[in-house]
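Read-outs: derived from the displayed coordinates by stated rules, not from any lab. Owing to the predicted nature of the structure, the values given are computational and were not obtained by experimental measurement. Using ideal geometry, Cβ is built from the backbone for each residue, glycine included, and neighbour counts are taken over all protein chains shown.
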């Protein structure tokens, strides 16, 4: 697997793995001691697993074929047209409050021209901020850096003012991409001159490599289950010894004039240089004002925990009150559990300005709209496999771009029917679905060849 551009390693391995399963609903609990390990975290449970897998065949993706992505995923639609509104009203008349929308066929005109798997990749649009996490000189600083990254990740993934729905990935669909991050861009985010340890915040590893090239960050996502709909995604930088593994079950429900989507599951960030794991959850998303100009709101309380260091964070995405109040508001605090000390607080808007206040009294402001975006790299359609997201949905995407909703609906229907036929064939032959990249482990899904396995 490729690390930086200087590695001369060109292939991204794609072995075909086994197993199928479902995610259970659960809440992440932070322990107040540094010795208790999280139950779903794979690092200390079994580092040696997967050595004897049955997968002997493999496919390779030549990373030299990847080119800088030119899609911006910006939705310019101004709202719901009159004829579309009548369709939505007809659909709403058949729904009940709280109804599960997982199997409800929604109109094609609400789609946003990208797969959910690609949306997850777009959460990595600031890879320099992500890679800087492991440069923190102390466990406290590393937790704070992760919270900074976490709070700045959502605005690019949810780009655009209009709420539209990503394509539901079909079973076996995958999305792969990479980022080349200039090494001298991986710096601390502190903007004040009173930072207590600016030199230490930038690790000697980064400082010594400045100007020598780029770090390679690789991403792979796969739809590992159809009922319930579960996605697994994994991202790593070998040179920085950092990786993150996440599984998400998207549960959608009808809420009257809005649609709510719960992101059930968890992610684990691994900082191998420090032997630390950060277990985190994800907020819920809401599509509001679905009859006029739909917009996206994040809501709910999420947790980030590092059992080894005893640091944790609680992040709250505040939904707008019915009367008054601000939209997109978020607050967070970082706590050292053994002492009960709050070491950092944050407040602001997840798609706007965020203000961080540290226990030292210093403050820092991050404007998410001004953070540089590093474009991902992806192979052209003709180089992609038939189940890779861009190629799989290319006809639907082209029709939506052309404004041909009927053609988009027909192409989407063909994909859905193909998936149903294949499902029936597996049932008839008692064949178990085998994902390529992820393996069922406990209640979650773990990448088949994670960085911590090769440490």
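Before moving on, here are some points about what is shown:
- Put simply, when 294-300, 321-327, 120-126 are sorted by average Cβ atoms within 10 angstrom per residue, most first, you get 120-126, 294-300, 321-327.
- Legend: calculated FRET efficiency, residue 70 to residue 323, from the Cβ-Cβ distance at R0 = 35 Å, rounded to 0.05, equals 0.25.
- Pair-distance distribution of region 214-357: all C-alpha pairs, bin width 5 Å, starting at 0; shares per bin in whole percent are 2, 9, 13, 16, 18, 19, 13, 7, 3, 1, 0.
- Each label point was placed 7 Å from the Cα along the Cα-to-Cβ direction; for residue 421 and residue 373 their separation is 3.8 nm.
- Cα-Cα P(r), region 358-397, percent of pairs per 5 Å interval: 5, 17, 14, 10, 9, 9, 10, 6, 6, 8, 5
- Here the peptides 165-177, 418-430, 399-411 are ranked by packing, the mean other Cβ count within 10 Å, and the order with the highest first is 165-177, 399-411, 418-430.
- Looking at region 339-407, the pairs of alpha carbons with a distance over 21 Å make up 60% of the total.
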